[in-house]
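The values are calculated or read from the model by the stated rules, or taken from the named source; none is laboratory data. Since the structure is predicted, the reported quantities are computational estimates derived from the model, not experimental observations. Don't worry about glycine lacking a Cβ; one is built from the backbone with ideal geometry, like all the others, and counts go over all protein chains shown.
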Amino acid sequence: MSASTDEKTAPAPAPEGETKAAPRTRRVRRTGEEARRLILDAAEQRLASSGPEGIRLQDIAKDVGISHPAILHHFQSREGLVGALVERTMTHLRDALLGVITRGQSGALDTDAMMDEVFATLSDRGHARLLAWLTLTGRVEPESGLTDSDDEKSKAEGSRGRQMLGELTDLVHEAAARQARDAGKIEPSKEDTRFFILLAAMSAFGEAIVGRQMYEAAGLGGDPEAAAKFRTRLKALLHPVK
């Protein structure tokens, strides 16, 4: 990818003994790929701290040290930035879960580690809130992805979530079945595996959106370990192989 014109400026210090003149600037050039990564990192931090409404281009530009038009150069619009953030999240979650599954091929399938990744991505980093906001405001359609574009790429990205869920279901089921056979136990059904994944994902979504209110309603509002306790109990309930 060609070099980007994104620049971050910083004042250069005046030589000792001389009158301080107007500050000079030092230009920092970044590649387009590096600039996109920094912008997405800043957007994710805003999402985690302030929710979807915190993804404001002017604030993100200030965080990164670039201009507002520079973000538009890379993502065309706020919707484009949000779409790229969702895409990166799905890729990260898929790669992390596949890594857990691959490590389990030489031993027991670590479903606890899988659930930790799901909760970290969807709940802790705020992505469940973002996806819920996109869905409830009509920015995401089940069959076509982000609705601000109807090109083939957007349609392909819209179906990626379903493809990822199907792929993970197949891989987890294969690993769980192998683990059951090795232990001399009955293999779980494909439906058991599918609902294990759905229950984990939906629990992470629910905790991200209404977890604090639910903990308070249950009398756990003053317990800083409430979320950790909930996740521990959920893990104990959702192991696909007993």
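Residue 194: at pLDDT below 85 and part of a helix (DSSP H, G or I), yes or no?
no
Within region 167-191, can you find the residues that are of a type in the set (Lys, Arg) and assigned to a loop (DSSP other than H, G, I, E, B)?
Result: 185, single match.
Could you list, in sequence order, the residues of region 29-64 that are among the small types (Gly, Ala, Ser), assigned to a helix (DSSP H, G or I) and farther than 14 Å from residue 84 by Cβ? Before the answer, list the steps.
Just the residues of region 29-64 that are among the small types (Gly, Ala, Ser), to begin with: 32, 35, 42-43, 48-51, 54, 61.
Now restrict to residues that are assigned to a helix (DSSP H, G or I): 32, 35, 42-43, 48-50, 54, 61.
Selection gives 48, 49, 50, 54, 61.
Name the residues in region 103-121 that are within 20 Å of residue 166 (Cα to Cα) and outside any helix (DSSP H, G or I), would you?
Result: 105, 109, 110.
Only one of 100, 82 is within 30 Å of residue 237 (Cβ to Cβ) and outside any loop (DSSP other than H, G, I, E, B). Can you tell me which? Outline the logic, then answer.
Numbers: 82 fails: within 30 Å of residue 237 (Cβ to Cβ).
From the options 100, 82, the qualifying one is 100.
Need pairs with beta-carbon distance below 7 Å; first residue surrounded by 15 or more Cβ atoms within 10 Å (Cβ to Cβ) and within region 39-50, second among the acidic types (Asp, Glu) and at pLDDT 90 or above; sequence gap 6+ or separate chains.
From region 39-50, the pairs are 42/63; 46/59.
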